[in-house]
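Structure first, commentary second.
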Amino acid sequence: MSHGYLAGRHFLQIPGPTNVPDRVLRALAAPTIDHRGPEFGRLGREILAGLQQVVKTAGPVIVFPSSGTGAWEAALVNTLSPGDRVLMFETGHFATLWRGVATRLGLAVDFAPGDWRRGVDPAAVEERLAQDRGQQIRAVCVVHNETSTGVASRVGEVRQAMDRAHHPALLMADTISSLASIDYQHDAWRVDVTVACSQKGLMLPPGLGINAVSQKALQASEAAKLPRSYWRWEEMLKPNQSGFFPYTPATNLLYGLREALRLLQEEGLDAVFARHARHAEAARRAVQAWGLDLQCLDPREYSSSLTAVRMPDGHDADAFRKVVLERFNLSLGNGLGKVQGRVFRIGHLGDFNDLMLVGTLGGIEMGLGLAGIPHKKGGVQAALEFLAGC
Ligand SMILES: Cc1ncc(COP(=O)(O)O)c(C=O)c1O
């Protein structure tokens with residue numbers, strides 16, 4: 001492969017970080033301003049209000065300079081105490097990593113096993129909570145969209161299951177690869193802490209971690225005893241009311257966030273969700289036409305953000321991805337954790353349109369041939385017919 005100039009745009013079709021739109025890139029490049037001055041206050045107020053609309057909450061939204069992992073930690077340390085029991089579900093790699101964060105913080109995690117091909121089963125939530133007669137479980141933590149598998153759990157139904165069990169545990173949801181891509185409703189589903197970050201549906205570079213917080217979670221934070229300093233919500237909430245931050249914020253990322261929120265408003269959230277769902281359907285039709293298997297087994301749980309594709313036995317997904325990168329300058333997501341080498345992932349979230357999807361699928365179909373992966377032709381054609389027909 002030549003290491004000289006590669007003409008044309010790189011196709012960044014991993015499921016995050018996603019392609020950053022030109023308008024956001026230009027916004028990021030503006031000169032940094034005084035984060036204690038009046039202009040910053042206006043910026044802060046606009047982005048916090050805009051995030052409330054995207055998360056669908058009237059409550060506070062907190063933005064940290066951090067990756068998503070920081071937002072996971074913030075959700076736990078603000079609401080829980082050492083030794084508290086939390087219920088988590090092994091939906092895939094990211095659920096497993098969140099479990100690791102909780103365990104290292106000294107929480108006692110009940111980790112319900114899973115096969116990495118299905119989401120959280122609401123009936124299993126109800127059953128486990130019903131068995132917890134002493135109501136020791138303090139929080140149920142769910143990854144809304146499991147980025148390692150392309151499986152989206154039904155968070156609204158998880159809430160209903162918790163209600164049926166009459167259990168007071170907090171509900172926490174990781175929306176890192178679903179927010180602004182798949183419908184999500186913090187208030188309507190009475191989620192207590194929503195965890196999100198910048199680099200996926202929000203179309204920004206990495207660097208912002210987000211918590212949306214219910215009144216119940218705020219109350220829990222008053223009694224919670226896990227040590228916290230940088231992540232303390234209370235420090236944020238007062239200055240945030242006038243758009244300011246207690247420490248130096250990631251000013252330029254916030255410029256980008258303001259622009260990204262404007263883009264989402266201009267397109268309309270429902271249109272954004274419909275666009276993602278349509279591209280996901282086209283991608284699945286391509287995969288099915290190639291004769292390959294989807295990692296997600298239940299159509300009710302298909303992800304609109306990404307499609308994880310299983311490799312035929314004896315074929316290495318990473319060798320295939322290498323061919324696609326070197327020949328077509330297209331990055332596909334790798335298999336993570338238990339499915340390493342077994343799965344590749346097509347990211348179709350964020351700033352993305354029909355022709356970008358067609359280019360991505362074209363690179364994959366050519367790559368399957370070049371890498372000697374057994375498949376049928378016609379995946380791109382199946383996607384074209386679907387896209388042209390609706
Ligand atoms: C669902 C999910 N949760 C958490 C994370 C961790 O976020 P970060 O890598 O920004 O710390 C990711 C990252 O891809 C993710 O997809």
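The values are calculated or read from the model by the stated rules, or taken from the named source; none is laboratory data. Given the structure is predicted, the values throughout are model-derived calculations rather than measurements. Positions of Cβ are generated from backbone atoms using ideal geometry, with glycine treated the same way; all protein chains shown enter the neighbour counts. SASA here: full protein model, heavy atoms, side chains in, ligands and nucleic acids out. Shrake-Rupley method; radii C 1.70, N 1.55, O 1.52, S 1.80 Å.
One table, with the values for the structure above:
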| item | result |
| --- | --- |
| Positions within region 173-209 being in contact with a helix residue (DSSP H, G or I) (Cβ under 6 Å, 6 or more places away or on another chain) and assigned to a strand (DSSP E or B), in sequence order | 173, 193, 194, 195, 197, 208, 209 |
| Test result for residue 325, assigned to a helix (DSSP H, G or I), of a type outside the set (Lys, Arg), modelled with pLDDT of 95 or more and under 30 Å from residue 42 (Cβ atoms) | no |
| Close pairs (6 angstrom Cβ cut-off, 6 or more residues apart or separate chains): outside any helix (DSSP H, G or I) in region 281-292, open to solvent by 10 Å² or more (accessible area, probe 1.4 Å) anywhere | 291/375; 291/376 |
| Matching entry among 190, 159, 154 (being among the basic types (Lys, Arg) and within 16 Å of the ligand (Cβ to nearest atom)) | 154 |
| Count - residues of region 346-382 that are within 23 Å of residue 203 (Cβ to Cβ) and either among the aliphatic types (A, V, I, L, M) or more than 27 Å from the chain's Cα centre (by Cα) (or both) | 8 |
| Residues of region 297-325 satisfying the condition of being open to solvent by 10 Å² or more (accessible area, probe 1.4 Å), out of contact with any Cys (no Cβ under 6 Å at 6 or more places or on another chain) and within 18 Å of residue 15 (Cβ to Cβ) | 304, 310, 318, 321, 325 |
| Some residue of region 32-55 being polar (S, T, N, Q), touching a helix residue (DSSP H, G or I) at 6+ places or on another chain (Cβ under 9 Å) and crowded, with 17+ Cβ neighbours inside 10 Å | no |
| Residue check for residue 176: within 11 Å of the ligand (Cβ to nearest atom) and open to solvent by 10 Å² or more (accessible area, probe 1.4 Å) | yes |
| Index of the failed condition, residue 234 passing every other in (1) of a type outside the set (A, V, I, L, M, F, W, C); (2) open to solvent by 40 Å² or more (accessible area, probe 1.4 Å); (3) in contact with a Cys (Cβ under 8 Å, 6 or more places away or on another chain) | (3) |
